[in-house]
Every structure is written in C-alpha cells, then in structure tokens.
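Shown next, in structure tokens, is the structure this report addresses.
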Amino acid sequence: MEWSRPQRLELVHLLGEGWGGSVYAAADLDAPRLVAVRLVGVPPEPLAATLALGAAQLHPHILPLSLPEERQDHVLSVMPLAEAGSLRRLLTPGAGMPPEQITDLIRQAADALVFAHTQGTVHGNLKPENVLLEARGEQLWVWLSDFGLNSLRPPDPLSPYQSAEQRVGGKATAHDDLYALGALLFEGLSGGPLPLNPGLDDLLVLGDPWRKLAARCLGLSVPFPDMAGFLGQLRALHLAAGVQGVAASTQLLSLSAELPSTDDVPAEDAEAGVTVLRPGDTRTITLTLRGAPELDGEDIELETEGLPAGWAAPLPPVTLSAGTEALVALRLTAPRAPDTAPRRLDVTVLALGTRPDPAGTDGAAADLPAGRRVLARLPLALRVLPFVDSVLELRPAQSVVRRSATVALSLRNRGNRAQQYNLDVTVPPGAVVGHGAVRRQFELAPGGEYHDTLQLRLPPALLAGRTLHVLGVVHQLSRPGDAGRGPTALGASAPGPSAPWPPVHSAVQASARLDQRPFLPWWAAALLASAALAGGVWVARPPSIGEFALVGGAPARGEAFTLTWRTSGAGNVRIEELPGRTLGESGQTQVPGLQAAQTYTLIASGPLTRQTRQLTVSPLTPAPRVTALSVTPAQAALGQTVTVSWATENAAAVTLAPFGSVPASGSRELTLRRDTRFELVARGGGDLAGQQDRSVQVAALRPPQIARFVMTPATVTPGQPVTVSWQVSGASRVRLSPLGDLPASGNRTFVPRASGNYTLKASNGQTEVMAAAAVTVTARPARILAFTVSPAAPVIGQPLTVRWQTAGVRSAELRWSDQRQTLPPSGDLSLIATAQMGRLSLVVQGESGVPVLLTRTLTLRAPRTAAGPSSLGQTSAAQGSGSPASQATATRPSAAQAPAAQTPASQAPVGQTPVTRSPATASPAVPVPPLQITSFTASAARSTVGQTLTLRWQGRGNGRVVLLGPDGRSLGTFASTAQTRVSLTRTGTQTFTLGRTSGAERLARLSVRVVAPASPSAVTPQGSRGDTSAGPSTPAAPTTPVTEIEKFVAFPASLRSGQFATLVWQVRGVNKVFITGLRGPNADGSFPPAGQTSTPRARTADQSFVLSAGGERVTLRVPLQAVVTPSPAAQPYAGVAGTWRHTFGGLALRIEGTRVTGTLTSVRPDLPGGSVRGTLSGDAGTPVLNAFVRADGVDTALVVQFDVAAQTFSGVYAGRSAQVRWSGSRPERD
C-alpha cells in the first residue's frame, strides 16, 4: 500500500497527548480519508532527529511518516490513521489470543524489524501500544511506530517488554527487540504480562512449540543469532502447524500443502517453507484435504487470496468422502514480464463449504456469497525471483548504401529489475561516426528502452561492392548487492554478502548489414565497358524482397501501425492496398487503424520481373478504460449541489452509481443529503464482454456548523428567565432541551429550574454536532421579616401568641427547651406558657440550605393564688410543668384568644399552625372521664389548592391527641380541645385523622374535598368562609380518598419477538394496585402503588395490560414489531441483540451490523439510565461493546464483553471517581 503525505489538512479531534506531543485526527481536504498528525511545540534537537529517523524507515510494516515540518511555533509530522487501534485492544487480561492470530501479527512486526536492523536502526520501545493495526479485509495489517523514542526518556524499571539491562538504563540493541517480541508472544498466548525476571517455569503456561520459541527470544534457551533467524523459525512453525477450521471446536476440515522441490533452485534463492517462482515457469503445489464425517458428500470450493489475477489456474471443486483424502494441484505461473516485480507474496488458500452452516453465522465472512462458509485457511509464502532479458537491435535506414549510412540502435530491458549496461558499437574500418555514441554506460528500469541513431561516413568502394557490418555489444552488469537473495518488496537488496567487483556480466549482441555499392571514377575509362556490362547484368537481375513485416506487436483496434520492408534490385516498390504512396527499396510507412483483419501485398518490380509478399494484420480489441472521474466540490453542506464529471474509452456500456446507465462521458448534478459514493464502471463488449474498469469517488457531507450558541444572562435567580440565542447552518434538525426542536437560528426565552449545562444538538441526518452553555441558578437567602411573642411576660399556664413572617423560606421551625414545632413560612400560633418557655427560637432554611436563627427571651410570671377548690392556684403546679393532664382539662377560648392567620398559597405541602387553648379552672373533686372527641370540624367542606384550612375539635377526658395528615404523617400533638391551620397543596379528597398519642386507636376522621383553583371571578372571598360550613364529623365514618393514576408506561414502547418490556407506574390515593395478567409480590397478587415489573416475552401478537386502582382503570398496549430476519453475513453480532438483566436494572440493545443502539435502566446515581450508542468488535461469540450512555446531556463511557454461548456479560463503566465493574445475563423467564 503506497502512502502519500496530504497537502491540506483540517484537525478534527484530539486522539491523545503526552511527552512526545499531541496526536490529532485530521481530515485530508484533497481526498476522502482521515490521517493522524503529531504536533510538537518546537522540539529539542534529539527529538527532531528521532522524528526524522522514523520518517526515513520505508517498509510496508513500518508506519509511514512525513519529515518534520515547522509551522509557526509547532513542528508537525503526518502519518496514516490506524483505525483498528493497537495490539493493546486485542489483549484481554486472563484470556489468550488464538495462536494463529498473535503469531501472524508478530510475524509482520518481525518482518519490519529485520528491515530496520539491516539499516542499522533498533526500535528499543516495542510494546502493544506501538504495534498499530489496520483492517484490510478479514486480516489485520501491522504498522510499527515510535522508532527510537525510548532513548529520549528515562528507563522504565517496571516495563515487562524490556530486558533487565534496558530497564536499568542500558542502550537498546537488536536482542532487546527480540526480547520484546518474546514478551508480546507470551502475553498474547497466556493473557497476562511477562514477569520482570522470567524463568522457564513461567513459560509452562505456553504449549509447544511456542514455549521453546519464547524461551529463545527471552534468552532462557539458545538465543536466535538475529531477528532474521527468529522470523524464519516463526514462518516454519506457522506453515508446519497448518490451518485449523474457523471454529476451533468443530475440526471439520484439514488442509495441508506439499511444496514443490527446490532442487532446481540455486542455494542462495532457496528458503525453507517458501515457494520460489521464476517468471515464465510453472510451479505446482499439491493440496491435501481430509474432511470430517459431517462433510461427507459436500462440494468444497478452493479459492486463493493475495495472488495477482491470472497467476493461478482455476481450482476445480472437490467432493469429500468420509475417511479419504482429496488431492488438488495448484499450478502457479508468474508472467515473464517487466511488471512482474521480484517480491514476496503472502497467499491464503481458502476451503469454502457449499452447504449452509447449521450453527448460524460461525465461519461465514462478510465478502462471501450467500451459503458459503470458510472451513479452512492455508497460508502460503511465495517469492518471485528476478530475471534478466535484454533485446538489442541495429537497423539500417537503407541496406544498400554508398558513402553514408544511418543505423538505428534500440535496447529494451524486458527483465523485472533495473539493469546497468555498457554499450560498445564497432563500425566498419575507416568509417567515421558523425552522430551518435558508440560507447556509453547507463541503466534501464524494468520495461525501459534506449534509442540512438548512428550516422556513418564510409570509405568508398572503388572497383567492386562490398558487405559491411556494424556490430553492437551490450554488457549486462549486476549492481553491487544484487548477488544476494535478490530485491525485497521495496526494491532494496536483502541481507547477504556483497557482490564482487568487477561485477559478473553477460553480453547481448546485434549487427546490421550494409551493402556498399562500388564507386566508378571518371578516370576509369578502360573499365567503362565492363562496367556497362556489369550494369546491364545488375539491372537485368530479378528483384528480391528481404523483409516485409509489422513494426512492434499487433495493434489495437483503431490504432495506427507501421509496416517495414527491405528489397533489393527493384526499380519500383509499392503496396497494393495503399495506392498513391511512393515507396523506396527499403523503409517504413504508417497505416491508419483497422477494425478488422487486413492483408497487405508488397510488390517489388524490376525491368523484367517482379516479386510479391503478403502480410496479414489482425487488430486487437482494446480494453475498456476509465479516463476521468471527479466530484466538485469533494465536500459539501446539506442541500448543496455537487457535480460529477466522467469520461471513458472503449466501453460498450457505462454505469455510474447512483445514477445507473450513463453515456461514455458527461456530467450530472446531485443534491447532497448524505455521504455519497460514486462508482463508475466501464464494461467491454464482444470478445471483451467480461472485462471492465472501475473508479470510485466520494462526496462527503460536511458536518453542521454551530456559529452561535449563548445563554443570557449566564447567572440568574430562581424564576428569572434566560434568553438563548443560536445560529446553525447545514443541519436538518436542531434540538435543545427543554425547548425541543428549533429552527436553524433564532432566540427563545425560558425559566431554568436549576443550574446545569444545556446542549444544542445539530444533525444533518448523518452527523450530529453539539455545543454546550451553562446557566447558574443562585438561591435566595432565607430572611426573617418579623418574629413577635405577645405578651412578652406571660403567666405560666396562660395563653401566649407567636407571630412571624419570613421570605425565601423552605422550612421553618419553632424551638424551646427540647420541644420543636414545624411552622409554615408565615402565620401566628397560640401556645400555653410553661416554665420551659424562657427562650423561644425561630429557625428557618432557604434553598441555599443555610439556617437563620432569631431568639426571643420571655419573662415568665407565676400564676396568682386564689381561695377555693376551683381556683387556678390549685392547678398552678400542673400548669407550670406543662404536663398533658393539666392541658387536657382546658375549655374552649374565645375568638380573640385564637386569631386565624391566612397562609399564602405558595406554602410547603400540608403545613400546620397549631392553636392550643388556655386552661380553665377545674374542680379537683370532679372525676376525669376517658378521652373522647365530641366534635371535629373544618372551616370549609370544600376548598381550593393553595388556601389555608382551619381544623377545630372538642374533646373530653384525660390526655392529648395527635393530628395525622392525608399521607399518614403526624402534624403535631395537641390538647383534646384545640384548633390548627393547614395548607392544601393537592386536589382530591384529603382526610385528616385524630388519634391517641400512644397506641394506634383513631378517635375521629374528617374529609375535605380540594379542587383546582378556578378563574379569578370564581374564587370565594376569604371572608365568606365560616366555621358552620362543615358540620361535625362522625369519628367512625371515613371518607374515601381520590385515586389518581399519574404514570403507567412500558419500556421499550414496542417489542420484537422474544423480548420483554418493563412496566413502570405511580398511583396516588391507594395502597395497592392490580395489573391484569401479572401477579405482584403481595399475598393477594397486588403491587405497591409505585414500582416496576417485567412482562412475559412477546411472541406473535400485541400485548395489553390493564392497571386497576381504587375503581380507576388504565389500559396500556405494547405492539409487536414486524421481524426482518437479516442474513448471517449482514448481522454477525445478532446474538447480542435483545434484553439483558444486570444487578441494578436492565439493558435493551438493537444491532445493525456493528452499530449498537438501545436503552439502559439503572437505579445507581453514578450510572443513570439513558440511551446507549456504540459499536461492536471482535469475535461473534465473544464480542466487545464500546459505548456511551447519555442521560441529561451527560455521556458515561462503558466497555462490555458478551459471552453469547453462556448468555452473560461483564465489563466496566466510568464512575464518578474510578472505573466500576458490573455484569449481567439474559433473563430466565419466558
């Protein structure tokens, strides 16, 4: 794969950063690809030199780097983006990798290190993070990175990938790279890192032969002499091990190969386990197939991967029989052509089963036809040898000459490697070279040509003609370094001894014949007669045709070509099919292209006779070709128009996806809605109907742009509105919680409930971008506006009145001694003065949570003593102590002693203002009856949410009572005859209960109907309420509370077959609910008023559930989705889809290829429930999910590995302070 440095870059996002700079993912603006960019703030000289050293390493398995470039105050280096990550991603603690996978990756790394060591470079920092991976089809391609960077850092004494000498600061050597490969092999096979000081006992976890291989790498056994020795041993073990079935547990097919003999291969070219190919020769590899009984009678198809087209004959299908072997001959022929470069090829032979796999998708590959599965893979190593083939030609312009001659010289290198030549041309004696070089040294690339023209001045032939020869000799020299094992894949010489000098060479010869006519001088009069006679004989001789041929190979259809001829003794030369052309005795002429075969006749005429010769030219059909395909612009915004232009040649049919059939050339426009791939296919016709040429271009959809997103103001108080302003371009949908979908730009105002980050999301249907803005809601401090106690010097046992007013209060409390009374934000309260009320404190708290305290000190006075058994003096002791007995004998005070205060409508739920009546004189001689409630009334039988209700009751007997609110909570302890005020915050029937302070006995209940507030004109004035609007209640006649079903939903809202849903409900006014078709945890099969439960698995129809509570019924329908069964090749991770149960919730996943979406339910605060999005990778039986859970605009990362066979999963998620492990499984219920 050839990599070129991009010219224009745009940074996309940060990949990582460290001491060696920051690495970003960047978009190549000239091509649809992503690259990686390392940015370093002006580095020191050693770092710059090390980066330049990495850029100089050119090998297929070394990460290509551009030379460091200074840009302003940074230095950048560009490299390809390894989208498959690094080897660290494949290493799972406690679980080893398949031997064939880890050894293949280490083989590629060792191949790169052999090259680097040959160049005198040591890596010194080999670890899983520096072994980068790129997915190429089903294989992983290795790139080694960070050459030499370890020498710039202090030694790491805890690194398991460095030898003991390197960990204490020793300089890295080639043997340290071997040690690191042994550590990687150990960790890949065992699932754990290598101990710092390993011994042979530590390697017992590895099986043979890998244990011996690792021991030699680590120096625990006979070490390898160099990296090349390790690579050869690894390749031999890899080939000897053969290839197992795709599923290791089935062992369905055994595939092995018998390599051809290397007896006819020179010793320096032979290599163990490698098949050597000479271009032009055929080598045969015998494949042996042995199948399990399950494959009896099945047709097995054999295919090759990694082999150029036309190098191997098609392999016939093989039908296996139980207990027998099948032999197949694989014949390989490398073309003897200049483009057959000497290189090494890694080829894989695939054995494909034709029966569907009964176990599912195991063994199927995404690029195989439907119904095919891979039963076995056999890797083969091939090496193409160089060959030398040179052609030298000398061709005179005219074969019959006099004093001058012109000779055309051409030399063609038809070998597959560059060749040096020494040219030496020998001219006839006495000839003078007027133009051209007769000695020259030069080099020709494979397929290269050299042309020159020699113009010669010949000495005269006085009396008779003569034949002259021009001889050309080319000496082929082998360059220094070519005497080894031949060029490597990059054209560099492989390691080997230096070639001797002067080099061994071979010679190629060619000659040109010149027939020189004699020259007759004027003074040779005596010879005129003989000359005339000789001239007559010369003229009378019959003409001859020496050559009539086609220059070069057969032309393509419609391509012009050249005919050449050479005659002697002809007075007239013509080609019958080309009338009107004047031709010499020898020469060339160009002929227009042909559409069909044509025969040409050359006629050479003399004075008496003539000679003819025919030549048939058959044109070749040209192959179809794509000459141009471009997309303008290459990247566009949503809705923008792109123009596609194309041109083809020699095509019978042209298709352009997504348009379909198109003319041979032209242009089309397309409105861009998503990334669009344009594929142009030019197909041939006639005898080239099977040939085609393809070209692909991609128009990328530019992500949406958020130009503006601001919140004004950024800090507000509760209830204060915020204005959000935004401007987005290139988006089809713009969303902002809590405003929902928005136009592309505008302003909106809303009131935030609490501080937080708000995220604006812009999507074009393919890419979603986000911008965040924060709003801070500051809480108002609590304030006490008024706090009075009247009288300031109360008499013990007499009533006192407390009045207060606050602002910004969430809770208020009155405290004295060890007593506490919960209060509404404002109001008044009547109490009976006791000896413990020397200090009354009002404590309030606001939204900020900071308490505010205000204290009033009272001057308590003792009661006066009066004569007679009924005077207060007889009960003063009891009253001063505040005992329940003294307060239980109190009589009802006047209205002036119990003033009512209206509580504002914004009070907290069900607050109370207890009013305790002052005691009256009581005769100690009268017996105290048991506690009884004779009257329990409200100021109104019907009230409105937000109003304050006054509750009054009268009782007789000894003791105090407790008042319970509608939710069963205590509102305070009061005397048997008292009154209090409560705030109403909910609609429906609200029931208040009076009971004893000890025990569960209920003395009286009172129900009040509460409705929502109507329009202002319908509100009843406060003064219209009276104590007579609600009569006394009967303690034994309770009123039924109003039932309200607030929530009854299913998650997910629809199901696929085999899934189950989670029902969630919340009901007020009842203590239990029933759901049809489901049985709850209670003895009667009911559920609590709020909770969740799972439904049965969906089968073939929709599901309906009815929730019944207090006479109310709600029906919930969960529809069944239509099932679309994907093909096994399209859904390799189908076993992960569906519902999973974990220790604190559920997980529902949907799978589309490798993309995962779904929902997580959770009760943990550090992993809140939300939507799941991510990707799957790895083996279909144990895939790994990398995903994010989004809840309230916050993403939480998680990594999970599934075991499809065991129906379990385990992984970690990013908690608030550390990674947290979690696990789950499939639910057991059907």
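The values are calculated or read from the model by the stated rules, or taken from the named source; none is laboratory data. Remember, predicted model here, so these are calculated numbers, not experimental data. Methodologically, a virtual Cβ is constructed for each residue, glycine included, from the backbone with ideal geometry; neighbour enumeration extends over all protein chains shown.
Just for segment 983-1001: of the residues that are over 60 Å from the mean Cα position of the chain (by Cα) and surrounded by 17 or more Cβ atoms within 10 Å (Cβ to Cβ), which one is farthest from Ile933 (Cα to Cα)? Before the answer, list the steps.
So in segment 983-1001, the residues over 60 Å from the mean Cα position of the chain (by Cα) come out as 992-1001.
Those still in the list that are surrounded by 17 or more Cβ atoms within 10 Å (Cβ to Cβ) too: 992-995.
On the way: Phe992: 14, Thr993: 11, Leu994: 8, Gly995: 9 Å.
Out of the qualifying residues, it is Phe992.
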| message | Within segment 400-418, take every residue that is of a type in the set (S, T, N, Q) and surrounded by 19 or more Cβ atoms within 10 Å (Cβ to Cβ) and give me the one that is nearest to Leu444 (Cα to Cα). | response | Asn413
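Of all residues in segment 292-325, which are in a strand (DSSP E or B), of a type outside the set (Asp, Glu) and farther than 14 Å from Leu378 by Cβ? Give the derivation first.
Restricting attention to segment 292-325, the residues satisfying the condition of being in a strand (DSSP E or B) are 299-305, 312, 318-319, 325.
Narrowing the set further to residues that are of a type outside the set (Asp, Glu) leaves 300, 302, 304, 312, 318-319.
The one that is in a strand (DSSP E or B), of a type outside the set (Asp, Glu) and farther than 14 Å from Leu378 by Cβ: Thr319.
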| note | In the set Ala1030, Ala1014, Ala1004, Ala1037, the lone residue that is closer than 15 Å to Leu951 by Cβ, of a type in the set (A, V, I, L, M, F, W, C) and at pLDDT below 75 is Ala1030
| remark: Conditions (1) hydroxyl-bearing (Ser, Thr, Tyr); (2) in contact with a Phe, Trp or Tyr (Cβ under 6 Å, 6 or more places away or on another chain); (3) under 14 Å from Phe1209 (Cα atoms) -> Thr1143 fails only (2)
| message | Here is a list: Pro46, Pro64. Which entry is of a type outside the set (A, V, I, L, M, F, W, C), modelled with pLDDT under 75 and either over 29 Å from Ala699 (Cα atoms) or assigned to a loop (DSSP other than H, G, I, E, B) (or both)? | response | Pro46
| remark: Being hydrophobic (A, V, I, L, M, F, W, C) and at pLDDT 90 or above narrows Ala267, Ala215, Ala257, Ala241 down to just Ala215
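Listed here are the residues, each with its yes/no results for (1) in contact with a Gly (Cβ under 9 Å, 6 or more places away or on another chain); (2) charged (D, E, K, R); (3) under 24 Å from Thr950 (Cβ atoms).
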position: Gln805; (1), (2), (3): yes, no, yes
position: Gly808; (1), (2), (3): yes, no, no
position: Arg815; (1), (2), (3): no, yes, no
position: Pro824; (1), (2), (3): yes, no, yes
position: Gln836; (1), (2), (3): yes, no, no
| field | Filter result for Thr655 (over 29 Å from the mean Cα position of the chain (by Cα), modelled with pLDDT of 90 or more and surrounded by 15 or more Cβ atoms within 10 Å (Cβ to Cβ)) | value | yes
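Which residues, taken from segment 1083-1106, are within 20 Å of Gly988 (Cα to Cα) and part of a strand (DSSP E or B)? Let's see the steps before the verdict.
Start the filter on segment 1083-1106 by keeping residues that are within 20 Å of Gly988 (Cα to Cα), which leaves 1089-1090.
Correct list: Ala1090 only.
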| remark: Output for Cβ contacts, cut-off 6 Å, separation at least six or different chains, first residue under 21 Å from Gly310 (Cβ atoms) in segment 256-280, second of a type in the set (Asp, Glu), reads Val276/Asp269
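Regarding segment 578-587, can at least one residue be identified that is under 20 Å from Thr406 (Cα atoms), of a type in the set (Val, Ile, Thr) and surrounded by fewer than 14 Cβ atoms within 10 Å (Cβ to Cβ)?
Going residue by residue through segment 578-587, those that are under 20 Å from Thr406 (Cα atoms) are 583-587.
Add one more test, that the residue is of a type in the set (Val, Ile, Thr), and what stays is none.
The answer is no; no qualifying residue exists.
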| task | Would you mention how many residues in segment 680-691 are surrounded by fewer than 13 Cβ atoms within 10 Å (Cβ to Cβ) and either without any contact (Cβ under 8 Å) to a residue 60 or more places away in the chain or part of a strand (DSSP E or B) (or both)? | result | 2
| field | Residue selected from segment 595-652 under the condition in contact (Cβ under 8 Å) with a residue 24 or more places away in the chain, assigned to a loop (DSSP other than H, G, I, E, B) and hydrophobic (A, V, I, L, M, F, W, C), by the criterion surrounded by the most Cβ atoms within 10 Å (Cβ to Cβ) | value | Ala651
| Those strands (runs of 3 or more DSSP E) lying entirely in segment 743-836 with at least 3 residues within 30 Å of Gln640 (Cβ to Cβ) and hydrophobic (A, V, I, L, M, F, W, C) | 768-777
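Going through Arg677, Arg694, Arg708 one at a time, which residue ends up being of a type in the set (Lys, Arg), within 25 Å of Asn747 (Cα to Cα) and either touching a residue at least 12 places away in the same chain (Cβ under 8 Å) or buried (at least 18 other Cβ atoms within 10 Å of the Cβ) (or both)? Spell out the reasoning first.
Values: Arg677 fails: within 25 Å of Asn747 (Cα to Cα); Arg694 fails: within 25 Å of Asn747 (Cα to Cα).
Only one candidate passes the filter, namely Arg708.
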| If only one of Leu158, Leu200 is loosely packed, with under 14 Cβ neighbours inside 10 Å and under 16 Å from Leu220 (Cβ atoms), which one is it? | Leu200
| task | Could you please tell me which pairs satisfy a Cβ distance under 8 Å, a separation of 6+ or placement on different chains, a first residue in segment 198-225 that is closer than 16 Å to Pro160 by Cβ, and a second residue that is among the charged types (D, E, K, R) and assigned to a helix (DSSP H, G or I)? | result | Leu203/Arg211
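Can you give me the number of residues within segment 49-61 that are modelled with pLDDT of 70 or more and under 28 Å from the mean Cα position of the chain (by Cα)? Show your work before the answer.
Applying the first criterion (modelled with pLDDT of 70 or more) to segment 49-61 yields 58-61.
Subset that is under 28 Å from the mean Cα position of the chain (by Cα): 59-61.
Here the count works out to 3.
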| query | Would you pick out the residues in segment 1063-1105 that are in contact (Cβ under 8 Å) with a residue 40 or more places away in the chain and either in contact with a helix residue (DSSP H, G or I) (Cβ under 8 Å, 6 or more places away or on another chain) or of a type outside the set (Lys, Arg) (or both)? | reply | Leu1063, Trp1065, Val1067, Gly1069, Val1070, Ser1094, Thr1095, Pro1096, Ala1098, Thr1100, Gln1103, Phe1105
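Would it be correct to say that Val508 is within 30 Å of Thr340 (Cβ to Cβ) and either surrounded by fewer than 16 Cβ atoms within 10 Å (Cβ to Cβ) or at pLDDT 80 or above (or both)? Don't jump to the end; show me each part of the working.
Details: within 30 Å of Thr340 (Cβ to Cβ): yes; either surrounded by fewer than 16 Cβ atoms within 10 Å (Cβ to Cβ) or at pLDDT 80 or above (or both): yes.
Judged against the criteria, Val508 is a match.
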| Assuming Gly569 fulfils every condition listed in (1) modelled with pLDDT of 85 or more; (2) within 20 Å of Val400 (Cβ to Cβ) apart from one, which condition is it? | (1)
| Does Arg1113 meet the test of being more than 43 Å from the chain's Cα centre (by Cα), surrounded by fewer than 13 Cβ atoms within 10 Å (Cβ to Cβ) and at pLDDT 85 or above? | yes
